[in-house]
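Enquirer: Provided herewith is a single structure, encoded as structure tokens, for subsequent inquiry.
The values are calculated or read from the model by the stated rules, or taken from the named source; none is laboratory data. It should be emphasised that the depicted structure is a prediction, and the values quoted were computed from it without experimental measurement. Please note: Cβ atoms are built from the backbone with ideal geometry, for glycine as well, and neighbour counts cover all protein chains shown. Calculation scope for accessible area: heavy atoms of the full protein, side chains included, ligands and nucleic acids excluded. Shrake-Rupley method; radii C 1.70, N 1.55, O 1.52, S 1.80 Å.
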Amino acid sequence: MPDARRTDAVLLLVALVWGSSYLSAQTATAVLPVLVVLFARYALSALACLGLVAADRRSGGWTRDELRVGVPLGITQAAVLVVETYGVAHTSAANAGLIISLTIVLTPLLDRAGRRGGLPPSFYAAAGVCLVAVALLMSGNGFHAPRLGDLLMLAAALVRAVHVALVGRLTAHRAIRPLRLTTVQTLVGTAVFLVPAASGLPDLARVGAGGWAQLLYLALFCSVFAFLAQTWAVQRTSASRASLLLGTEPVWAAAVGIGLAGEHFTPLTGLGAALLIAGTYWGQAVERAHRAHPEPKDHDTPRASPPSVRETTAGGPPITSSAPG
């Protein structure tokens, strides 16, 4: 297989794994309390990451930046997974994967906060399409009060956008190794959930093979494998192509929910899904183009003279990389 196709295949596999994580989390929380699921997921991920770090003896120890950045990002990542996991326990896996993709349009809005220059009007139009889409997804068989799970997933999208914006700002201009940062985050998450989950930990001894399979899948595939595979692939392709392929996550979430869990879309939710996917891709394309050709800070600069400073959004992984895990 040519290198380009191999890279694309890996990115699509990451998107598929992340898309399937919502159904896995839903299945796991059906047999275990949410906090126990989160503790087990973090603890298993931390053990795997520590094993990889121990095997990589040439990289040396953690740097001060990796520890300083990893602790707050570990806390915000834990906040994302708390709201997200409670949300997916009270809605369909398809809806969860679709609504969380709002992160793609929410992140640039948060990332621009406090910065000079705004996003073009077409971006806000795309965000408006996404909001209409979410209203349709929440309507289900007809317009009614939003379901708890859908509202929690909406909150999770906002919290995840805050987390992704922080990743960009805190890691900018710092030499931080992805594996070391992920390891710190998983250790922080394990510590955060240890005490709240302590009373339910004996339940792990009564979980069958199916429950442990879901926990291992969430920890090893949706967290450790997906992150490392994404990092490997992004280094071998363009950021635009990576974002496009990783942006298929909500499509896979819907496909897995319908194909494996027997979920189904009414005409309203089907229209909402189509609008949400279209709106997020549109917003992503507008933001990417704006980032590539930003406005100069000094609007009085003659057009013949190139601006000395261009304002761009913070660097970091593609917006869609902060999927559960």
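Enquirer: Arg174 versus (1) more than 22 Å from Glu66 (Cβ to Cβ); (2) in contact with an Asp or Glu (Cβ under 6 Å, 6 or more places away or on another chain); (3) surrounded by fewer than 18 Cβ atoms within 10 Å (Cβ to Cβ): which is the lone unmet condition?
Expert: (1)
Enquirer: A further question on this structure: Please note which helices (runs of 4 or more DSSP H) are completely contained in the stretch 38-142 and include at least 2 residues that are touching a residue at least 24 places away in the same chain (Cβ under 8 Å) and over 30 Å from Gly211 (Cβ atoms).
Expert: On the way: elements: 64-88, 93-99, 103-111, 121-139.
Correct list: 64-88, 103-111, 121-139.
Enquirer: Return the residue satisfying two criteria in turn: it lies in the stretch 89-125 and is modelled with pLDDT under 85 and small (Gly, Ala, Ser), and of such residues it is most open to solvent (accessible area, probe 1.4 Å).
Expert: The residue in question is Gly114.
Enquirer: Can you confirm whether Ala25 is of a type outside the set (Asp, Glu), within 13 Å of Thr190 (Cβ to Cβ), open to solvent by less than 40 Å² (accessible area, probe 1.4 Å) and in contact (Cβ under 8 Å) with a residue 60 or more places away in the chain?
Expert: Numbers: of a type outside the set (Asp, Glu): yes; within 13 Å of Thr190 (Cβ to Cβ): no; open to solvent by less than 40 Å² (accessible area, probe 1.4 Å): yes; in contact (Cβ under 8 Å) with a residue 60 or more places away in the chain: yes.
Answer is no for this residue.
Residues are listed down the side, and each one gets a yes or a no for (1) in a helix (DSSP H, G or I); (2) at pLDDT below 85; (3) of a type in the set (Lys, Arg); (4) open to solvent by 30 Å² or more (accessible area, probe 1.4 Å):
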position: Leu215; (1), (2), (3), (4): yes, no, no, no
position: Ala219; (1), (2), (3), (4): yes, no, no, no
position: Ser223; (1), (2), (3), (4): yes, no, no, no
position: Ala255; (1), (2), (3), (4): yes, no, no, yes
position: Glu263; (1), (2), (3), (4): no, yes, no, yes
position: Leu271; (1), (2), (3), (4): yes, no, no, yes
position: Gly279; (1), (2), (3), (4): yes, no, no, no
position: Gln284; (1), (2), (3), (4): yes, yes, no, no
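Enquirer: Okay, moving on. Going through the stretch 5-16 one residue at a time, which ones are out of contact with any Lys or Arg (no Cβ under 8 Å at 6 or more places or on another chain) and open to solvent by 10 Å² or more (accessible area, probe 1.4 Å)?
Expert: Of everything in the stretch 5-16, those that are out of contact with any Lys or Arg (no Cβ under 8 Å at 6 or more places or on another chain) and open to solvent by 10 Å² or more (accessible area, probe 1.4 Å) turn out to be Arg5, Arg6, Ala9, Val10, Leu12, Leu13, Leu16.
Enquirer: State yes or no: is Leu32 in contact (Cβ under 8 Å) with a residue 40 or more places away in the chain and under 21 Å from Asn95 (Cα atoms)?
Expert: Values: in contact (Cβ under 8 Å) with a residue 40 or more places away in the chain: yes; under 21 Å from Asn95 (Cα atoms): no.
Taking the combined requirement at face value, the residue does not satisfy it.
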